Structure formats: C-alpha cells, structure tokens
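Report on the following structure.
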Amino acid sequence: MRVLGQRVTEALRVLGEARHILPALTFKLPDHGDQQSLGRAFEDTVAAHPQRMMLLFEGRQWTYEAFNAQVNRFARVLAAHGVNRGDTVALLMENRAEFVLSMLATMKLGARCALINNSLTGRSLAHCVTATDATFFIVGDERASVVDQARSAINLPANGLYFWFADTQAVAPPDWCVDAQSLMSAQSADNLPITRDITAGEIALYIFTSGTTGMPKAAILLHRKGLAASTVLGQLGFRIVPSDRLYLCLPIYHATGLGPGLLAFILSGASVFLRRQFSASNFWRETLDYQTNCFIYVGELCRYLMQQVPSAEEQANPLTKMLGNGLRPDIWNEFKQRFGIRRLCEIYGSSEGNVTFANFFNKDKTIGATFAKVALVEYDLERDEIVRDANGRCIEAVKGEPGLLLGEITKDYAFEGYTNTEATAQKVVGHVVKEGDRWFNTGDLVREIDVGFALGLAHYQFVDRTGDTFRWRAENVSTNEVAEVINQHPEVLMANVYGVALPGVEGKAGMAALAVPSVAAFDLAALTALVDEQLPAYARPVFLRLQTTLETTGTFKLVKTALREEAFHPERVGDDVIYARPAAGGDYQIMTAAVYRQLCEGTAGY
C-alpha cells in the first residue's frame, strides 16, 4: 500500500506540473513571413513593464524604458553610419551592459549580429568576421587591442566601420574606431519604425559553434527560433514571472546564456543581474545582495560551488530555480539539498540544432523530454559512423542503451544550418526511417531512461559526444583546430588531439599525442608559447604524450580510440613520456607519481 501511495503522490505531482506545460503545448511558432521579431518582442515587453528593473551591472541599473531608449539611440547611430537591414555586424565584448545594448540595437534595425567568443584572437577571430560577411564591427575597449592586431586579416570593406565602447577606464578611442557612446546623446530615444516590419524568417544572430572542421562555424539563428527558444524554455524551465531575477554569469555569446538566459528574461518583464564572469567566492554574497532567485548554469559552475566551504550566505541564499546543462548525476541530489534548490531544469540543445530537451517535470538526473520527433540509432564508435541495416536504414538503439541522437527536420523543427553550406550538408542524415527523410545529426550519444510517471513522455540522459569534438570548461573544443596550431611547431611531425576523462571533473581534458624526431630534445617551451599565443585557454591541451610515430589506419586517418583509453595512465602508455599542465597554468611538467595520484583522487585542482 505504501508503494501505491507513493505512485499516486508522484502522479499527482506530475499532473500539477503539467498545468505549466499547457502554454508551451499551445505556443504557435511564428511563420517565416510573420511580422514578429526579437526586437519587436522586446518593445512589447518595454510597453508592458516600462518601470520594472531590467538590467543590473557593476553598480549601474536600468529600467526597461530607460534601457530601450539607449538601444534606440545606438540603433540610430548605426543607421546613420550605414548599417542597413540584412547587413552583418560583428560584436566582440565581454559580458556587460553594452553587449546587450549593441545586440538589441542591431536586431532592431533588421541587421544580423555575429556574436563572437571574446576569448578568440588572430586567425580565429578574423575567420568569424569573414565567415559571416560582416561589414561593421562593434568592440569593447577591453578587446580593442586584440582586434587591432587582427585588423589586417579582418579587412572590413571600404564602407565598413568599427564602433567602440569605453569600459571602466576613461580613455580615448583608438583612431580606427568611432566612439559610439559620444554619438548617442544627440539621437532620438523613440522606437524605430523598421523594427515592426522585420519578419520571423529573417536572420537575427550568428552564434559560433566549434565543430570538427577546424575553425568555428557560424550557426544561423532566425528571429523565429530565438522567439521560440526564449518563450518555451522560459515557460517550461524557469516558469518566469516578472518578479523573477536572474543571476547571469555565462557568456551571452553562447546559446545557453543567451536564449533561456538573457532573452527569456528580458522578453518576460523580469530582471537580470549580469556579471562578466563566474566567481565562486562572490556568488552567494551577490545572490543575497541582488536577490537573484534564478540561476542559469553549466555543470562546471555547480562543481565549483560544491567545492566551496559551507557558509552562512549559502544557507540564506534566495535561489529557488535553476536551468542549464551538464550537471553530473553523481552530485545532482547533493547539490539540490545543500543549496535548497526546489526546481532544477536540465536542458539539452545547441545553437544550430533543431532539437531541444527540457526537464520540465523537475525529475532528477535527466535532460528531460522533447516535443520534437527524435531517433536514437546505433553508432559504431570505433569506425565513427552510423550503423545501417541491409536496406541502408538506421538501426534503432536498444532501449536504455546509448544511441546517436537524430532530430527529424520538419517545418516546425527546421535546421537552418551554418553560413558554410558544406558544413550544413554534413549535419543532415538521410534515409533514417524511410526513403527521402532528413534528420539533424546532433553528434551526441543519448539514452532513454525510466523516470516514473511523466504523462507518457520519454525522458533521456546525455552520455557523450561522438567524433572529434569534446567539451572542456563548458566549451566545445575542436581537435582539428588544436592540432593545426600544434603542427606549426617545427619539431612536431604530426599531432593527434583528443579528450580524456578526469575523475570528478565535467567534460574531457585535452590531450595531444605528438610524433617528434627526438623526445629527449623536444623544445617544450616553444610549444607552450605557441598554444598560449594561438589558442584560447579552454582549448590548450592539459596533457602531452611524446612519441616517435603515430598510429594511423589504412587510409591514413589518425587512430584515437586506443589513445583515449590509455589517456595519461603510466601503466598503459608504456615508455612514452607524459607531461601535464598544472590547473593554475604555467609550464608543462613531466608526470610524476604524486601528480598522477592527485589526478586519480580528483585533487589536482582542475
């Protein structure tokens, strides 16, 4: 009888949750031609909540009405300098108010905003600008020197301009920039008529995602998709009401911080406390100071918070709702209990993908369910390919076992692709179930799990990524891009880059097996300088393995499977020399028994 009572209680709880799902089920995606856009939705929110607090950042704060006025002024500055509907404007800036201002102003004009990872430099930075045909560039003073060094490679067209926003220092703008702030005061604060004409099928943003082709790829985000993601995830996940306040420290050039984070809140009349980057030591004090009851996370941040010494501030924290991805199942329950989190909504998706999962029933240890049609199919990790039957169709994975996640491409679940047509074609899988069907290949292994009564909706759990891309420090790392940099070292004959698991750490740490003429004489300092100069911190290998040759297949493809399994374990790598880079940075150090013990115990600080 007790078991039956528990099942009835759980069923009633799920039914209670279901009343929150109905708005999402009845939400109608705008058609491509509908005059609906992110800029228009923001203006509607401003009209409904003009005096509500919208944004708080480093001692400054704005109501919706006040911030919208600044957005309109900057949009007119952009227009006066030649930014038109359909143009692309690159944006490179840290998390700050001017980033939000610039993005909204660009979208209000019907221009496309390319949100560039602010850790990129040199060739990668220039690639992101040219890949989106950006004509204009908005840069924060904190990244101006990086842009200056890459300007010759960026090579804006003759009519292109750089718009500059000051940061914390009162300094003059570089002579190659237009001082945006100084030009805004003379402009009208009224809404621009063009914003009401922009349609849902127009491109709003380019969001860059690391793939296996080397350089970042520009994923296309239509206004239609941005509206759907922010609306549905806001309703299903956070269940946002105007009195909510979000603690936002994830980069807003990324889909997670942007869609269910910033956009979901500012299109709901709620408020956002924005931080440049995460700080575990300041987190709980700031949640109290700014009364943030919502937090958008990645699993790495949750692990850092768990490592902090318990404090009175964390016990009194106002957080009740969290949404994000990558929270490890092994710390899930402990995290919720320690910090008193009542609603934890793990989500799954990507900026370019057509499939989004959300744990909207508040179940434990799951990425939740989806309304899209998906398939889990058998995948051969050794050959790195989909398994097909004698008729050429995909084979459904055994229930409960990992399978490659595919999402059927339909009108409502479209795959808009990348600016690179070849990269777009590579993500589409055909003949999955029937002749002529088309499915988006997520590149991820997922399994279906039993979560009990959930209105008949299947729930899933993320397992791992396939192929050459792995996640580290909440970023996707392209092994090809890292290898291309390392191969520039004159003593490296060939580099094979892959991700390896570290005990107690989310994601995979980068490891590079290097074929070199002489292991003893290898110039390690030059390699360190090379990766530090050309790779963002998250992409720099944590481990190096020096060899005289690398194993390849009959078609000269590098073999990674055995290397991943051997990883940095001394008993598996034979006589090969292993180096590890300390978590705090600095020089690579040869693997010692003490370092290896710390790695295995999870006390090395990664």
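The values are calculated or read from the model by the stated rules, or taken from the named source; none is laboratory data. Computed from a predicted structure; not experimentally measured. Here the Cβ positions follow ideal geometry from the backbone for every residue, glycine too, while neighbour counts run over all protein chains shown.
Within segment 229-259, take every residue that is of a type in the set (Gly, Ala, Ser) and modelled with pLDDT of 90 or more and give me the one that is surrounded by the fewest Cβ atoms within 10 Å (Cβ to Cβ).
243
For residue 132, state whether it is in the same structural domain as residue 39 (by TED's automatic domain parsing), surrounded by fewer than 21 Cβ atoms within 10 Å (Cβ to Cβ) and within 21 Å of the chain's Cα centre (by Cα). Step through it out loud before you land on a result.
Numbers: in the same structural domain as residue 39 (by TED's automatic domain parsing): yes; surrounded by fewer than 21 Cβ atoms within 10 Å (Cβ to Cβ): no; within 21 Å of the chain's Cα centre (by Cα): yes.
So residue 132 does not fit the description; no.
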>> Can you confirm whether residue 346 is buried (at least 20 other Cβ atoms within 10 Å of the Cβ), part of a loop (DSSP other than H, G, I, E, B) and within 24 Å of the chain's Cα centre (by Cα)?
In response: no
> Are there any strands (runs of 3 or more DSSP E) wholly within segment 1-114 with 1 or more residues that are at pLDDT 95 or above and of a type in the set (S, T, N, Q), and if so which?
Replying inline: 60-63, 88-92
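Filter segment 264-305 for residues that are aromatic (Phe, Trp, Tyr) and outside any strand (DSSP E or B); which is surrounded by the most Cβ atoms within 10 Å (Cβ to Cβ)? Write out each step before concluding.
At the first step, the residues of segment 264-305 found to be aromatic (Phe, Trp, Tyr) are 265, 273, 278, 283-284, 290, 295, 297, 304.
Imposing the further condition that a residue be outside any strand (DSSP E or B) reduces the set to 265, 278, 283-284, 290, 304.
Numbers: 265: 26, 278: 19, 283: 23, 284: 21, 290: 17, 304: 14.
Per the stated criteria, the residue is 265.
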>> For segment 413-432, give me the residue count where each residue is modelled with pLDDT of 95 or more and among the β-branched types (Val, Ile, Thr).
In response: 3
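Scan segment 270-312 residue by residue and report those that are among the hydrophobic types (A, V, I, L, M, F, W, C) and more than 23 Å from the chain's Cα centre (by Cα).
Applying the first criterion (among the hydrophobic types (A, V, I, L, M, F, W, C)) to segment 270-312 yields 270, 272-274, 278, 280, 283-284, 288, 294-296, 298, 301-302, 305-306, 309, 312.
The answer is 284, 288, 309, 312.
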>> I need every pair where a residue in segment 54-67 that is closer than 22 Å to residue 191 by Cβ has its Cβ under 6 Å from the Cβ of a residue that is among the aromatic types (Phe, Trp, Tyr) and part of a strand (DSSP E or B), sequence separation at least 6 or different chains.
In response: 54/62; 55/62
> Does at least one position in segment 463-477 carry a residue that is surrounded by 14 or more Cβ atoms within 10 Å (Cβ to Cβ), farther than 27 Å from residue 121 by Cα and of a type outside the set (Ser, Thr, Tyr)?
Replying inline: yes
> What pairs can you find where one residue is in segment 585-602 and more than 21 Å from residue 523 (Cβ to Cβ), the other is among the aliphatic types (A, V, I, L, M) and surrounded by 10 or more Cβ atoms within 10 Å (Cβ to Cβ), and their Cβ atoms are less than 6 Å apart, with a gap of 6+ or different chains?
Replying inline: 595/580; 598/604
> Which residues, taken from segment 431-464, are closer than 21 Å to residue 345 by Cα and either among the acidic types (Asp, Glu) or under 17 Å from the mean Cα position of the chain (by Cα) (or both)?
Replying inline: 442, 444, 448, 450, 462, 464
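One line per residue, one yes/no per condition, for (1) touching a strand residue (DSSP E or B) at 6+ places or on another chain (Cβ under 9 Å); (2) over 28 Å from residue 306 (Cα atoms); (3) modelled with pLDDT of 90 or more; (4) outside any loop (DSSP other than H, G, I, E, B):
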| residue | (1), (2), (3), (4) |
| --- | --- |
| 511 | yes, no, yes, yes |
| 521 | no, yes, yes, no |
| 526 | no, yes, yes, yes |
| 532 | no, yes, yes, yes |
| 575 | no, yes, no, no |
>> Within segment 92-103, does at least one residue satisfy the condition of being over 17 Å from residue 251 (Cα atoms) and not assigned by TED's automatic domain parsing to the domain that holds residue 484?
In response: no
> So which residues in segment 415-429 are hydrophobic (A, V, I, L, M, F, W, C) and surrounded by 16 or more Cβ atoms within 10 Å (Cβ to Cβ), if there are any at all?
Replying inline: 415, 423, 429
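Just to verify a result, which residue in segment 565-575, among those that are surrounded by fewer than 16 Cβ atoms within 10 Å (Cβ to Cβ) and either more than 29 Å from the chain's Cα centre (by Cα) or basic (Lys, Arg) (or both), is nearest to residue 465 (Cα to Cα)? Walk me through how you get there before you give the answer.
Taking segment 565-575 and keeping what is surrounded by fewer than 16 Cβ atoms within 10 Å (Cβ to Cβ), we get 565, 569-572, 574-575.
Next, only the ones that are either more than 29 Å from the chain's Cα centre (by Cα) or basic (Lys, Arg) (or both) stay: 569-572, 574-575.
Numbers: 569: 22, 570: 26, 571: 26, 572: 24, 574: 28, 575: 30 Å.
Looking at the filtered set, the residue picked out is 569.
How many residues are modelled with pLDDT of 90 or more and more than 15 Å from residue 483 (Cβ to Cβ) if we restrict to segment 547-562?
Residues of segment 547-562 that are modelled with pLDDT of 90 or more, as a first pass: 547.
Cutting the leftovers down to more than 15 Å from residue 483 (Cβ to Cβ) gives us none.
Summing the residues that are modelled with pLDDT of 90 or more and more than 15 Å from residue 483 (Cβ to Cβ) in segment 547-562 gives 0.
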